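Read the figures in this text as sums done on the coordinates, not as results from a lab. Owing to the predicted nature of the structure, the values given are computational and were not obtained by experimental measurement. Cβ placement follows ideal geometry from the backbone for every residue including glycine, while neighbour counts extend to all protein chains displayed.
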Amino acid sequence: MSDSSPDRPAVPVLDVWCELQCSDCRTALDDLRALRARYGDRLELRLRHFPLEKHKHSFAAAQAAEEALEQGQGWPYVEAVLERVEELDRRGEPLLVEVARELGLDAEEFDTALIDGRHILIVDADQAEGKAIGVTGTPTYVIGGERLDGGRSQEGLRERIEEIADRLLAGREG
């Protein structure tokens, strides 16, 4: 999921391989919010989907996130779902539609998108790319060609991401 447009000048990209039924990804939200606050539009955060088989609603949640992006609320939707990981585990797709409704999105269109599978190819492509670059769990970050695994521990990851982002931004200015 990317909020970038072709008209924007290239900025460093932080790919965040995430799974919306993952409690470690929920923990990572604070770091992602801090990174957005620090860098604003000087760093593009891209959600990349990596649904894990052990979470039965993660593939549907990834598709729902793509529908939210299409409706202009990608990150707010992702954050709202991640805040309710345990509830998603219990309730599944009805929760995904409910969150859309709470955010003022077209909930009927969400329901239809989950049925017709219009976003499956995007989710499949992200997952395949993740596997190809060695992603095995979530969250995993890729910035400046460096992969950082947050599934084991978030400790120190934001600082490492900031070091790399600062270096990339300095290189663009020089």
Query - For segment 71-174, average projected area of the Cα convex hull in nm² - result: 8.7
Report summary line: Listed residues LEU105, LEU52, LEU121; largest mean-square fluctuation, Gaussian network over the chain with Cα springs below 10 Å, found at LEU121
**Report entry** Of every Cα-Cα pair in the chain, the percent that sits beyond 30 Å
**Finding:** 15
**Report entry** Ranked TRP75, TRP17, criterion: other C-beta atoms within 10 Å, fewest first
**Finding:** TRP75, TRP17
Query raised in the report: Taking other Cβ within 10 Å of each residue's Cβ, how do THR140, THR27, THR112 sort, fewest first?
Result: THR112, THR27, THR140
Report summary line: Relative to the chain, whose Cα atoms define the longest principal axis, helix 107-116 and its Cα axis are tilted in degrees, nearest 10, by 90
Query raised in the report: What angle do you read, to the nearest 10 degrees and between 0 and 90, between the alpha-carbon axis of helix 58-70 and the longest principal axis of the chain?
Result: 70
Report task. Find the relative contact order for segment 20-138 and round it to a whole percent, using C-alpha pairs within less than 8 Å whose residues are 6+ positions apart. Result -> 34
Requested in this report: Lys and Arg at +1, Asp and Glu at -1: add these up for the other residues within a Cβ distance under 12 Å of VAL85 and post the number.
Outcome: -3
Query raised in the report: If you place +1 on the Cβ of every Lys and Arg and -1 on the Cβ of every Asp and Glu, how big does the dipole about the Cα centre of segment 20-138 come out, in debye to the nearest 20?
Result: 500
Query raised in the report: Which order results if SER23, SER58 are arranged by neighbouring Cβ count within 10 Å, fewest first?
Result: SER23, SER58
Query raised in the report: If you line up the long axis of helix 120-132 against the longest principal axis of the chain, both from Cα atoms, how many degrees apart are they, to the nearest 10?
Result: 40
